[in-house]
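The values are calculated or read from the model by the stated rules, or taken from the named source; none is laboratory data. Here the structure is a predicted model, which is why all the values come from computation and not from measurement. Neighbour counts run over all protein chains shown; Cβ positions are idealised from the backbone, glycine included.
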Amino acid sequence: MQRRSALALIGSCVLSGASCNQSAIDSIDGGFSGTTPERGHLLREPWPDRAPDTTRTVHTLIAGGGIAGLSAARALRLDGHDDFALLELEDHAGGNSRGGAVLGIACPLGAHYLPVPGDDARAVQDFLEELGLRRRVAGRWQYDERHLCHSPQERLFFHGQWQDGLLPVQGVSADTLAQ
């Protein structure tokens, strides 16, 4: 079942007050988007019996071009270090902080939101300035709000019902909630 059809089915059930057919909801296809697990599995295979095409020695090696790896590379660069390499398995860096498109509509590949940073988040403010998303206008800071989310609202479909937030709480033991 396509995502659009599933959402239409769930929406019509909610609006009509009817109970949804659980087998129709269970048939929603899912998977990983923006990743190539087969590439990672290639690392398990024995290496060919030949020397590498190129060899490079660096002071710092960053494994992975997700938001943490990109942040590490930026921090090194801002601190004046350029003797580093960032290795990324995919064709594009960004990990689950990248965006994509579903049926031509732009969307994030993962759940990532950036609220307007507070006064204590100087590194985030500097980063937004570097990207051109924060600038001074008439003596006040102005953010390009097309790229920020002020108050992200998340819901999770868990055990057949919607709940607020991304942490499952309904039907979860007290010990698990305490953790």
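Residue 77 passes every criterion in (1) at pLDDT 90 or above; (2) exposed (fewer than 10 other Cβ atoms within 10 Å of the Cβ) apart from (2). Checking the structure you have, find out if any residue of the range 38-60 is outside any loop (DSSP other than H, G, I, E, B), touching a strand residue (DSSP E or B) at 6+ places or on another chain (Cβ under 9 Å) and surrounded by 10 or more Cβ atoms within 10 Å (Cβ to Cβ). Checked against the condition, which is being outside any loop (DSSP other than H, G, I, E, B), touching a strand residue (DSSP E or B) at 6+ places or on another chain (Cβ under 9 Å) and surrounded by 10 or more Cβ atoms within 10 Å (Cβ to Cβ), the range 38-60 yields at least one hit. Quick check on the range 137-158. Is at least one of its residues under 25 Å from residue 63 (Cβ atoms), under 19 Å from the mean Cα position of the chain (by Cα) and either surrounded by 13 or more Cβ atoms within 10 Å (Cβ to Cβ) or charged (D, E, K, R) (or both)? No, because not a single residue in the range 137-158 is under 25 Å from residue 63 (Cβ atoms), under 19 Å from the mean Cα position of the chain (by Cα) and either surrounded by 13 or more Cβ atoms within 10 Å (Cβ to Cβ) or charged (D, E, K, R) (or both). Filtering the range 80-136 to residues that are at positive phi and either of a type in the set (A, V, I, L, M, F, W, C) or exposed (fewer than 12 other Cβ atoms within 10 Å of the Cβ) (or both) leaves 80, 103, 104, 132.
Spot the failing condition for residue 56; the list is (1) out of contact with any helix residue (DSSP H, G or I) (no Cβ under 8 Å at 6 or more places or on another chain); (2) farther than 25 Å from residue 126 by Cβ; (3) modelled with pLDDT under 90, and only one is missed. If we test residue 56 against (1) out of contact with any helix residue (DSSP H, G or I) (no Cβ under 8 Å at 6 or more places or on another chain); (2) farther than 25 Å from residue 126 by Cβ; (3) modelled with pLDDT under 90, just (3) comes out false.
Table: residues versus (1) closer than 16 Å to residue 74 by Cβ; (2) at pLDDT below 80; (3) outside any loop (DSSP other than H, G, I, E, B).
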{"position": "126", "(1), (2), (3)": "yes, no, yes"}
{"position": "136", "(1), (2), (3)": "no, no, yes"}
{"position": "141", "(1), (2), (3)": "no, no, yes"}
{"position": "150", "(1), (2), (3)": "no, yes, no"}
{"position": "153", "(1), (2), (3)": "no, yes, no"}
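The set of residues in the range 78-105 being part of a loop (DSSP other than H, G, I, E, B) and either within 12 Å of the chain's Cα centre (by Cα) or acidic (Asp, Glu) (or both) consists of 79, 82, 83, 88, 90, 91, 93, 94, 98. State whether one or more residues within the range 135-155 are without any contact (Cβ under 8 Å) to a residue 12 or more places away in the chain, within 30 Å of residue 179 (Cα to Cα) and not assigned by TED's automatic domain parsing to the domain that holds residue 96. Within the range 135-155 (the criterion being without any contact (Cβ under 8 Å) to a residue 12 or more places away in the chain, within 30 Å of residue 179 (Cα to Cα) and not assigned by TED's automatic domain parsing to the domain that holds residue 96), the answer is yes, since at least one residue qualifies.
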